[in-house]
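Chemist: Here it is: the structure, laid out below.
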Amino acid sequence: MSESPVTAPATTVPLLQVRDLKKHYSVPRRWLAAPRPPIQAVDGVSFEVARGETLSLVGESGCGKTTTAKSVLRLVQPTSGSVRLDGEELLTLSAGEMRQRRRHLQIIFQDPYASLNPRLSAGATVAEPLRNFGLHNAAERRERVQWLFSKVGLRPETAAKYPHEFSGGQRQRLGIARALALNPKLIVCDEPVSALDVSVQAQVVNLLMDLQAEFGMAYLFVAHDLAVVRHISHRVAVMYLGHIVEVADRDTLFSAPRHPYTEILLSAVPVPNPRKRVKRMLLQGDPPSPANPPPGCRFHTRCPLAQPVCREQVPRLSERPDGGASVHWVACHFR
Ligand code: SF4
């Protein structure tokens, strides 16, 4: 399915434009068996991210949010579609050209320990992107690394230590410093706090917000923790089985979700006010296989509002008037 373009707020120039992005994984054929259908991890996703904006991708495990984010960076090669950064198409660039563009596109991984080279000191880790791009001489690099350490809340004297000598939160700060080193325009944050202790999560999220306020980069933020998403996002895109089913600005989405799947997801978010009663809704059953998604609306096998038309017609992601300045996109025949 090809989705409508979900545009960034009209007051800002889009930095990233993703159109009809697909990532299908072929499945090896068993001996003498019939060919197996590809896994449609991402199937026609379109969205934009504005400069300095945080767009979060949320949804259950396996919905395609991480694959979408990695496809934007070409850490996985998309099957088809278009990814434009500052108007330049990334998917047709050679490997060497793409390597140059990575200066503007960085990533913070979920597991800070796995993403750091245990044989590199913390200082060498943060300096690595600068060395790879041939930026600065050794003395300037040292100075920049010290500056980056202080920006992410690490003591510059710890630059000689190795990753195993840091706590989980400190290691993620190292990952953030490394991502910041080249002054990127966009950072993909792939579940950047989900591996951290709860007590540290808020510190790292607040650090990301402070750095964005200071340096103005955009975040494509992949997360399943909706409390974190609510705190950090400007807009939120909800994914289900490889499709985007709803996009709205943060406040609209959390106060007035329209898609039944979003409603169910949000009903599970704890409310800090004990007097406020929230009706909890449960998702029925498991998500269908992305190798064999249901026809029509992919959510119809679990949707409490499903009607016969939902089994036949794919709902287009289209704009809904909300009466305010915000733009709300929903893929549902009835909402
Ligand atoms: Fe539910 Fe139908 Fe809307 Fe899909 S289109 S979310 S099945 S009501």
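Each reported figure results from applying straightforward, stated rules to the coordinates on display, with no laboratory input. In this text, all values refer to a predicted model and were calculated from it rather than measured experimentally. Positions of Cβ are generated from backbone atoms using ideal geometry, with glycine treated the same way; all protein chains shown enter the neighbour counts.
Chemist: Angle between the Cα long axis of helix 138-151 and the longest principal axis of the chain, 0 to 90 degrees, nearest 10?
Modeler: For 138-151 against the chain, the angle is about 50 degrees.
Chemist: While we're looking at this one, here's another question. For labels at Arg99 and Asp225 in the simple 7 Å Cα→Cβ model, what's the distance in nm?
Modeler: About 3.6 nm separates the two model spin labels.
Chemist: If you don't mind, there's one more thing I want to ask. In square nanometres, what is the average projected area of the Cα convex hull of the chain?
Modeler: Numbers: hull surface 79.4 nm².
Quarter of the Cα hull surface area: 19.8 nm².
Chemist: Quickly rank 164-177, 33-46 as a protection proxy: mean count of other C-beta atoms within 10 Å, highest first.
Modeler: 164-177, 33-46
Chemist: Averaged across orientations, what area in nm² does the convex hull of the alpha carbons in the range 123-185 project?
Modeler: With every direction weighted equally, the projected area is 4.0 nm².
Chemist: Give the angle, between 0 and 90 degrees and rounded to the nearest 10, that separates the Cα long axis of helix 198-215 from the longest principal axis of the Cα atoms of the chain.
Modeler: For helix 198-215, the angle is close to 80 degrees.
Chemist: What is the chain's relative contact order, in percent, from Cα pairs under 8 angstrom and six or more apart in sequence? List each step's numbers first, then the result.
Modeler: Values: 630 pairs, mean separation 67.1, N = 335.
Contact order relative to length: 20 percent.
Chemist: Same structure again: How much mean residue ellipticity at 222 nm does the chain get from its helices, if each DSSP H run of length 4 or more adds -39500 (n - 2.57) and you divide by all residues, to the nearest 500 deg cm²/dmol? Don't skip to the end; give the middle numbers.
Modeler: Numbers: 10 runs with 98 residues, N = 335.
Mean residue ellipticity, 222 nm, calculated: -8500 deg cm²/dmol.
Chemist: Here is a follow-up. Please state the shape class of the range 62-116: rounded when a/c is under 1.5, otherwise prolate if a/b exceeds b/c and oblate if not, all from the C-alpha gyration tensor. Walk me through the numbers on the way to the answer.
Modeler: On the way: a/c = 2.17, a/b = 1.33, b/c = 1.63.
Since a/c reaches 1.5 but b/c is at least a/b, the shape of the range 62-116 is classed as oblate.
Chemist: Name the residues whose placed amide hydrogens come within less than 5 Å of the amide hydrogen of Gly44, ignoring near sequence neighbours (fewer than 5 apart) on the same chain.
Modeler: Leu21, Lys22, Lys23
Chemist: Over the range 190-310, what lengths in whole Å, largest first, do the semi-axes of the equivalent ellipsoid take, defined as the square roots of 5 times the eigenvalues of the alpha-carbon gyration tensor? Show your work: numbers first, answer last.
Modeler: Working: eigenvalues 166, 64, 38 Å².
Whole-Å semi-axes of the equivalent ellipsoid: 29, 18, 14.
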